[in-house]
Amino acid sequence: MVTDVDRAIERAGALIGRLSPQAQRLQQRVRQKRRAHFLKKLGRVVIAGGAIMVASALFGLFFAPIGSTGVMLAFGLWILAAWVLMVYPKFPEASTETLVQTDLKYLPAQTEVWLANQRKALPAPSQRLLDGIGVRLETLAPQLQSIDPREPAAVEVRKILADHLPELVNGYRRVPETLRGERQANGQTPDQQLEAGLKLIDEEIGEMTRNIAAGDLHSLATQGKFLELKYRGAEGIES
């Protein structure tokens, strides 16, 4: 039975979760992505305006002066282009479906956006675990830029981020709120099951990060040995 003390502790934990450094970093990265998306669209508006001005000037130079009517038409065209370019494309809000379709190199960033959207619906302990997963994704993202999507490690990353993690969180959210604190047949509450699942996923992402790094370090060491043998051999021939 949930008491008033339990509720007070949960509210305090939720407040701490909202103010945690990991949560702030996750929200900051999402805001940065939104800002970058906006600035990219703004840049397109500027380019469109410049293109319309150049086209208008060339038309007036080689064909006929555009006059005040032409200037108004050009300005109207630029306003229309600006409206279209600022409205579309919209910021890619992450969903379970888009995670499945996302290219591997962009999957950690999209997962971070998805995590930020799910955070408020989860209890405080799981929020903190979600924030920790976001930090791990920040480390994992650069490692996936050059990895072959067909490699076993890449397949495992996609399976965890686009399949297991969304299934766990969405499955929890489908449980009625009144039942989330009740013990089930396995002796755990849905809240505890979610927390245990997120801990396991967090550990798996950390292990994958270490495995990919180990492969990179092995390749670097192999390349170093090759170069050492190559140049030492060349020095031996020259002498």
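The values are calculated or read from the model by the stated rules, or taken from the named source; none is laboratory data. Just so it is clear, the model here is predicted, and its values are computed rather than measured. Counting neighbours? That spans all protein chains shown, and the Cβs are built from the backbone with ideal geometry, glycine included. Accessible surface areas use protein heavy atoms only, side chains included; no ligands, DNA or RNA. Shrake-Rupley method; radii C 1.70, N 1.55, O 1.52, S 1.80 Å.
Could you grab me the full set of residues in the stretch 126-155 that are closer than 18 Å to K199 by Cβ and out of contact with any Gly (no Cβ under 7 Å at 6 or more places or on another chain)?
S126, L129, L130, D131, G132, I133, G134, V135, L137, T139, L140 - these are the residues of the stretch 126-155 that are closer than 18 Å to K199 by Cβ and out of contact with any Gly (no Cβ under 7 Å at 6 or more places or on another chain).
Only one of these conditions is not met by D163: (1) of a type outside the set (V, I, T); (2) surrounded by fewer than 16 Cβ atoms within 10 Å (Cβ to Cβ); (3) over 22 Å from the mean Cα position of the chain (by Cα); (4) under 21 Å from T96 (Cβ atoms). Which number is it?
(3)
Restricting to the stretch 81-108, give me the number of residues that are in contact with an Asp or Glu (Cβ under 9 Å, 6 or more places away or on another chain) and small (G, A, S).
Residues flagged as in contact with an Asp or Glu (Cβ under 9 Å, 6 or more places away or on another chain) and small (G, A, S) within the stretch 81-108 amount to 1.
Taking into account only those residues within the stretch 133-160 that are of a type in the set (S, T, N, Q) and either open to solvent by 40 Å² or more (accessible area, probe 1.4 Å) or in contact with a Leu (Cβ under 9 Å, 6 or more places away or on another chain) (or both), which is modelled with the lowest pLDDT?
Top of the filtered list is S146.
Could you grab me the full set of residues in the stretch 47-100 that are surrounded by 10 or more Cβ atoms within 10 Å (Cβ to Cβ) and hydroxyl-bearing (S, T, Y)?
Result: S56, S95, T96, T98.
Conditions: (1) within 30 Å of I201 (Cα to Cα); (2) at pLDDT below 80. K105 meets all but one. Number of the miss?
(2)
Of everything in the stretch 149-184, what is among the small types (G, A, S) and closer than 20 Å to E112 by Cα? Give them in sequence order. Explain how you work it out, then say what you get.
Here is the first cut: in the stretch 149-184, the residues among the small types (G, A, S) are 153-154, 162, 171, 181.
A153, A154, A162, G171, listed by residue number.
Name the residue that is nearest to Y172 (Cα to Cα), counting only residues in the stretch 116-128 that are surrounded by fewer than 22 Cβ atoms within 10 Å (Cβ to Cβ) and touching a Leu at 6+ places or on another chain (Cβ under 6 Å).
R119
Looking at this structure, is R18 at pLDDT below 65, part of a helix (DSSP H, G or I) and open to solvent by 60 Å² or more (accessible area, probe 1.4 Å)?
When the stated conditions are applied, R18 passes them.
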